Amino acid sequence: MSSPRPTPALLTRQVEELLQHGGPLPILAAGDPVLRGVAEPYDGQLDDALLDRFVAALRETMLAAPGVGLAAPQVGVPLSIAVVEDKARGPREALEARGRTPLPFRVLVNPSYEPEGEARAAFFEGCLSVPGWQAVAARYARVRLRGQDERGRAVDEVFAGWPARIVQHETDHLNGTLYLDVAEPRSLSSNEAVARCWSQPTAETAAEALGFELP
Ligand code: ZN
């Protein structure tokens, strides 16, 4: 899908309008074309003060949702910027099975990832742009993430376990990919069904009952 490159002036006006009311930003749901576009590489289109305010609003929106990651296109801004933060709370057995360790707040700018090794891990995940549903996605267990932070400093870091899942999910958003594109279609479950039936530490029981393959 091609669309004209948004100018810095347009992006600045869009972000200023988004921020003018304060509080969490409205999150766009699947079906909005901005979620299917490739985000523009960020190269200073917003001035530093506006970028800081935008990042703070993304974080506030993510925490309020609540979620563990949010990409700029999810609030309608087609820039390659995402925020992540996971306090990793929950039953210990599930946290351990998923490799869900705390991921301190950080900003991903122009991220890309590649797998580190062949291992994949399949668990239920959800998305703030697909409210009410979850599905099992097999993702790389370890990835090398490259990009920048919000001050333009280079990032080159290996993520494993749940943090690896989070950075893959958010980086995919910036390329117009939703987790449903990479999930097992037969695993699609409402939040109610997940809470009622699929709260086991791993997805094995769900795979057997719903009829999908695990890696
Ligand atoms: Zn998402």
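So how much slack lies between Asp47 and Leu28, counting 0.36 nm per residue of separation and subtracting their Cα-Cα distance, in nm?
4.4 nm
Using the Cβ atoms and a cut-off under 12 Å, what net charge is assigned to the surroundings of Gly67, where Lys and Arg are +1 and Asp and Glu are -1?
Its environment carries a net charge of -3.
If amide H atoms are built 1.01 Å from N in the plane of the peptide, which residues on other chains or at least 5 residues away come under 5 Å of the amide H of Glu150?
Here the answer is Val107, since their amide H atoms fall under 5 Å of that of Glu150.
Quick one: of the DSSP bridges fully inside the chain, what percent are antiparallel, nearest 5?
95 percent
FRET efficiency for Gln200 and Ala56, Cβ-Cβ distance as r, R0 = 35 Å, nearest 0.05?
0.45
Per-residue counts of other Cβ atoms within 10 Å, averaged by peptide: what ranking do you get for 148-154, 77-83, highest first?
Packing proxy ranking, top to bottom: 77-83, 148-154.
Of the accessible area of segment 1-90, with the probe set at 1.4 angstrom, what percent is carbon plus sulfur?
Its accessible area is 55 percent carbon and sulfur atoms.
Expressed in nm to one decimal, what extension gain is obtained for the pair Arg153 and Arg89 from 0.36 nm per residue of sequence separation less their Cα-Cα distance?
Using 0.36 nm per residue and subtracting the Cα-Cα distance, I get 20.1 nm.
Hey, rough spin-label estimate for Thr101 and Glu118, points 7 angstrom out along Cα→Cβ, what's it come to in nanometres?
2.5 nm
For the chain, take the convex hull of the Cα atoms, compute a quarter of its surface area, and give me that in nm², please.
11.7 nm²
Given R₀ = 35 Å, FRET efficiency for Glu208-Leu178 by Cβ-Cβ distance, to 0.05?
0.85
Provide the per residue accessible area, probe 1.4 Å, for the chain, rounded to a whole number of square angstrom.
50 Å²
The values are calculated or read from the model by the stated rules, or taken from the named source; none is laboratory data. Please read these numbers as outputs of a predicted model, since none were measured by experiment. Backbone-built Cβ (ideal geometry, glycine too); neighbour counts: all protein chains shown. All accessible areas refer to the heavy atoms of the entire protein, side chains included, with ligands and DNA or RNA removed. Shrake-Rupley method; radii C 1.70, N 1.55, O 1.52, S 1.80 Å.
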